[in-house]
1. Over the chain, average the accessible area per residue using a 1.4 Å probe and give it in Å², no decimals.
2. Considering the options ASN248, ILE310, ALA285, tell which one lies farthest towards the positive end of the dipole of segment 179-326, charges being +1 on Lys and Arg and -1 on Asp and Glu at the Cβ, about the Cα centre.
3. Taking the Cα centre of each part, how many Å lie between segment 85-127 and segment 251-277?
4. Rounded to the nearest 0.05, what FRET efficiency do ASP283 and GLU22 have when you use their Cβ-Cβ distance and R0 = 45 Å?
5. Given the chain, what percent of its DSSP beta bridges are antiparallel, to the nearest 5?
6. Highest mean first, what order results for 35-41, 223-229 on Cβ atoms within 10 Å?
7. Mind running the shape call on segment 267-326? Use the C-alpha gyration tensor, a ≥ b ≥ c as the square roots of the eigenvalues: rounded below 1.5 for a/c, prolate if a/b tops b/c, oblate otherwise.
8. By average Cβ neighbour count within 10 Å, what is the ranking of 249-260, 55-66 from highest down?
Amino acid sequence: MTILVTGGAGYIGSHTAHLLAELGRDVVVLDTLERGYRDAVGDLDLVIGDIADDRVVAKTCRKYDVDSVIHFAAYKAVGESVSQPLKYYKNNVSGTIALVETLIANGVNRIVFSSSAAVYGTPDSSPVNEDAPLRPQSPYAQSKADVEHFLRSCDATGLRSVCLRYFNAAGAHDSGDLGEDFSLTTNLVPVVMRVLFGSQARLDIFGDDYPTPDGTCVRDYVHVADLADAHVKALDYLATGGTSLVCNVGTGQGTSVRQLVEVTESVTSRSVPHAIGPRRAGDPASVYADPTLIRAVLGWRATRDLREIITSAYRWHQRHPDGFKR
Ligand code: UD1
């Protein structure tokens, strides 16, 4: 019995695939390598192909005797989704429908889905729990909400799903050999790393006049190793008969941009040149999770703090200044 990890050559997918292998589980990665990296898969089994290609998915299910799936494969750039919505709906939504159709036809009825706190948009308040209204503010976020909805409907087919709404994933593998590609992303931790390693002159803090304790935006940064562990727990929950579930994956701790800069300077003993810039359009002031549900149902809680996030990200970038090679 094997776990199929779609998008397992990407950032969170590769950490999860390796954790599963470290735990002795059989894993096969399915990835187009369009945005993922072969080196992130290492010595795990890799099938290069698309989730929407029913022949590849069916063949993989049969060859590996797949019994459950963790589905990461998706585009995730918010700005790009606004300018290229078709690309996002086609890959993230239509691709998932095609994948699920093939899985069901091949007797696979357990799936863990990579969703996002972006489905909440700007929540009325934080901590935000799963009952908060969904107000996706981009085609990317809408595609995640659509797939959640689709998977819920699929309960009628016997498919059971766990949708994990990630807050801000960050950090890298303990080995220092697996981490986030920081060349393209505009997320805060990779940007701070770019500044430390000289490929960006300074960090622009997007506004310091928010109604937060220090005026900068507050987010919930979750270590990627903790996130990977949440997937293992979600799989085990489904394997032991758990019913479909949607839950937040966050620490419950809010951290401001300024606090993150301070922790980075303390951990690395280096200064992070920064300047206060204008607000970024669409940024909510404060978003952090209420993780009560995931603690109660999956027994998951974050075990690593912001210092470990920064330490691991720094180690990864020190060892791999150019990230993975194509
Ligand atoms: C973003 C995405 C969200 C996605 C999440 C995790 C948007 C609008 N949202 O969330 O859909 O799920 O990443 O990948 O893009 N910041 C700076 N300067 C920078 C970069 C960031 O001050 O150069 C601040 C931002 O204003 C924000 C915080 O850092 O307050 C975190 O930003 P970011 O890493 O982009 O994540 P989110 O905006 O929370």
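The values are calculated or read from the model by the stated rules, or taken from the named source; none is laboratory data. In this text, all values refer to a predicted model and were calculated from it rather than measured experimentally. Every residue, glycine as well, gets a Cβ built from its backbone with ideal geometry; the counts of neighbours run over all protein chains shown. Calculation scope for accessible area: heavy atoms of the full protein, side chains included, ligands and nucleic acids excluded. Shrake-Rupley method; radii C 1.70, N 1.55, O 1.52, S 1.80 Å.
1. 43 Å²
2. So the residue we want is ILE310.
3. Centre-to-centre (Cα) distance: 32 Å.
4. After rounding, the FRET efficiency stands at 0.80.
5. For the chain, the DSSP antiparallel bridge percentage is about 5.
6. Details: 35-41: 20.1, 223-229: 23.1.
Descending packing order for the listed peptides: 223-229, 35-41.
7. Cα axes put segment 267-326 in the oblate bin.
8. 249-260, 55-66
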